[in-house]
Amino acid sequence: MHELSIITSLIEQVEQICKEQEKSTVSKIVLRIGSLEYINTETFLFMFEQAKEGTCAEKAELNMIIEPIKIRCRKCSEIYEPEDTIWLCPKCNEIGGEIIQGSEIILESVYFDDN
Amino acid sequence: MKVDVVQKVLKANDDIAKLVRSRFDEHGISCINMISAPGSGKTSLIESALKQGLSGVRIGVIEGDPETTRDAERIAKYDVPVVQINTAGGCHLESQLVLQALDKLPLNDIDLLIIENVGNLVCPVGFDLGEKSRVAVVSVTEGQDKPFKYPKLFHTANLVILNKVDLLPYVPFDVEEFTQGVQGIQPGVPILHVSCTHGDGISDWVNWLREQVMSDKNKHE
Ligand SMILES: Nc1nc2c(ncn2[C@@H]2O[C@H](COP(=O)(O)OP(=O)(O)O)[C@@H](O)[C@H]2O)c(=O)[nH]1
Ligand SMILES: [Mg+2]
Ligand SMILES: [Zn+2]
């Protein structure tokens, strides 16, 4: 259940941004979630709904954008989305490479009520 | 009104991990983070290394578990500094917990700090603890599909240990498929075949540990 640690961290970050912006209510939070992060979005949302109570995110809607895995081939630098769990370059057949997307959870943006 | 942030959500953990890493550098400590499912043999591997000894390398251990001090008690028998972190049900260690544990360790008397993470193949992976290297442990009773199911762990591991190879005659485990799975995610990562009960591969494991310390020492001198 690493979802809970991530949500706690997220809410702390959002509260910090609220302070910086001198706002009290967040209306929307946009998160990019890499598909290598094994986040169960239903669990995540459920826990977020509990955790946001009494914080500046109490009324916030959570928008989760799931990002597919992207690999940069270690031989020819082709960027591809692996179709299989073996990361095989579709261009040169080399196995493996650097993960350039899909292994992070990023707080993308925060929306505030305008009044 | 919209504010663009674009910041890692686990940035707080990463920041503390950086701090932990600088403490390790200060004291010339190489740190290893061991990750596996419960029961794969992490504690047994640490015990085997302590039994064999690392000739002159001083070892310290941090044990992470949801409850109890059982693993720390197993390690304390070898007369090395050990701290148990109980996560109170938590499924992984975080850098903050490691930072707190450092206060309870004689850092000047440790060359190699081994952290046994909470038994779990998913949750610990995203949490940097300030380690130099990661070890992923799988035992043959768990099935050869683990690298396919948990690619991020195998992508971030510096060493993969296949443990309990003494049981290979009794359980269907396809070593070749396992190896292909690991190599398909991270070509070239070393895979050691080990049996803690029979002693196979323990000297390779101990040598690998020693190399971690030596490469750091060379950097310092
Ligand atoms: N047959 C066999 N059993 C092992 C081996 N290594 C560990 N075990 C057993 O597996 C169980 C779990 O080991 P432990 O080290 O506590 O695993 P951990 O939860 O990853 O720390 C214990 O009963 C060990 O005796 C091995 O190489 N072969
Ligand atoms: Mg253990
Ligand atoms: Zn390629």
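With no other cysteine's Cβ closer than 4.7 Å, which Cys residues of chain B count as lacking a disulfide-compatible partner? That list is B:CYS31, B:CYS196. Under the criterion of Cα pairs below 8 Å and six or more residues apart, the relative contact order for chain A equals 34 percent. Charge tally around B:GLN52: other residues with Cβ under 12 Å, Lys/Arg +1 each, Asp/Glu -1 each, net 0.
Here chain A is assigned +1 on the Cβ of each Lys and Arg and -1 on the Cβ of each Asp and Glu. Its dipole about the Cα centre then comes out at about 380 debye. Here A:ASP113 and B:GLU26 are evaluated by their C-beta separation; at R0 = 51 Å the FRET efficiency comes out at 0.65.
Based on the Stokes-Einstein relation at 4 °C and a viscosity of 1.567 mPa s, and on the Kirkwood radius from alpha carbon pairs, the protein assembly as shown is assigned a translational diffusion coefficient of 61 µm²/s. Converting phi to 3J(HN,Hα) with the Karplus coefficients 6.51, -1.76 and 1.60 and the offset θ = phi - 60°, the range A:36-44 yields 7, 8, 6, 8, 7, 5, 5, 4, 4 Hz in sequence order, with x at every glycine or proline. In order along the range B:116-131, the Karplus-derived 3J(HN,Hα) couplings, from 6.51 cos²θ - 1.76 cosθ + 1.60 at θ = phi - 60°, round to 8, 6, 5, x, 4, 8, 10, 4, x, 4, x, 10, 5, 10, x, 6 Hz, and Gly and Pro are given as x.
Full extension of the chain between A:ARG72 and A:THR55 yields a length gain of 2.1 nm, computed as 0.36 nm times the residue separation minus the alpha carbon distance. Accessible surface of the range B:2-220, 1.4 Å probe: 49 percent of it comes from carbon and sulfur atoms. Please report, in debye to the nearest 20, how large the charge dipole of the range B:127-221 is about its Cα centre when each Lys and Arg carries +1 at its beta carbon and each Asp and Glu carries -1 there. It comes to approximately 300 debye.
Each of B:ASN13, B:CYS31, B:PHE127 was scored by the projection of its Cα onto the charge dipole of the range B:2-220, and the greatest displacement toward the positive side belongs to B:ASN13; charges sit on the C-beta of Lys, Arg, Asp and Glu.
Mean partner shielding of peptide A:100-113, defined as the number of other chain Cβ atoms within 10 Å of each residue Cβ, is 4.
For the range A:69-115, the fraction of 1.4 Å probe accessible surface lying on carbon and sulfur atoms is 40 percent. The phi torsions of the range A:84-100, fed into the Karplus equation with coefficients 6.51, -1.76 and 1.60 and a -60° offset, translate into couplings of 10, 6, 8, 7, 10, 5, x, 8, 10, 6, 6, 9, x, x, 9, 6, 10 Hz, rounded to whole numbers, with Gly and Pro shown as x. In the context of the full set of protein chains, residues of chain A present 54 Å² of accessible surface per residue (probe radius 1.4 Å, heavy atoms only). Cα centroids of the range B:190-204 and the range B:120-179: how far apart, whole angstrom? For the range B:190-204 versus the range B:120-179, the Cα centre distance is 14 Å.
Computed over the alpha carbons of chain A, Rg followed by Dmax gives 17.6, 55 Å.
The simple Förster model, with R0 at 51 Å and r as the Cβ-Cβ distance, assigns B:LYS51 and A:THR25 a FRET efficiency of 0.30. For chain A, the residue among A:ILE33, A:GLY96, A:ALA57 whose Cα projects farthest onto the positive side of the dipole built from Cβ charges is A:GLY96. In this Cβ point-charge picture (+1 for Lys and Arg, -1 for Asp and Glu), the range B:2-220 has a dipole of about 380 debye about its Cα centre.
With a simple spin-label model that places each label point 7 Å from the Cα along the Cα-to-Cβ direction, the separation between A:MET64 and B:VAL175 comes to 4.0 nm. Our analysis of the range B:33-140 gives Rg over Rh at 0.92, with the two radii drawn from alpha carbon positions and Rh computed by the Kirkwood formula. Annotation: amide H-H contacts under 5 Å for B:ILE161 (H modelled 1.01 Å from N, sequence separation of 5 or more, or interchain): B:ALA136, B:VAL137, B:VAL138, B:LEU192. Helical runs assigned H by DSSP (4 residues or longer) give chain B a calculated mean residue ellipticity at 222 nm of -11000 deg cm²/dmol, each run adding -39500 (n - 2.57) before division by the residue total.
For chain B, the Cα gyration tensor yields ellipsoid semi-axes of 26, 23, 17 Å (square root of five times each eigenvalue, largest first, whole Å). Protection proxy ranking of A:9-16, A:83-90, A:49-56, by the mean of other Cβ atoms within 10 Å over each peptide's residues and highest first, is A:9-16, A:83-90, A:49-56.
Relative to the longest principal axis of the Cα atoms of chain A, the long axis of helix A:3-21 lies at roughly 60 degrees. Calculated accessible area for chain B comes out at 41 Å² per residue, all protein chains present (probe 1.4 Å; ligands, DNA, RNA ignored).
Roughly how big is the B-A contact, given as buried accessible area in Å² (both sides, 1.4 Å probe, nearest 100)? Counting both chains, the buried surface is close to 2800 Å².
With the helix formula -39500 (n - 2.57) applied to DSSP H stretches of n ≥ 4, chain A reaches a computed 222 nm mean residue ellipticity of -8500 deg cm²/dmol.
Mean partner shielding of peptide B:4-15, defined as the number of other chain Cβ atoms within 10 Å of each residue Cβ, is 6. With all projection directions averaged, the alpha carbon convex hull of the range B:52-108 covers 4.5 nm².
The values are calculated or read from the model by the stated rules, or taken from the named source; none is laboratory data. Small disclaimer: the values here were computed from a predicted structure and weren't measured. Reconstructed Cβ throughout: ideal geometry from the backbone, glycine too, with neighbour counts over all protein chains shown. To get the accessible areas, we keep the full protein, side chains included, count just its heavy atoms, and leave off ligands, DNA and RNA. Shrake-Rupley method; radii C 1.70, N 1.55, O 1.52, S 1.80 Å.
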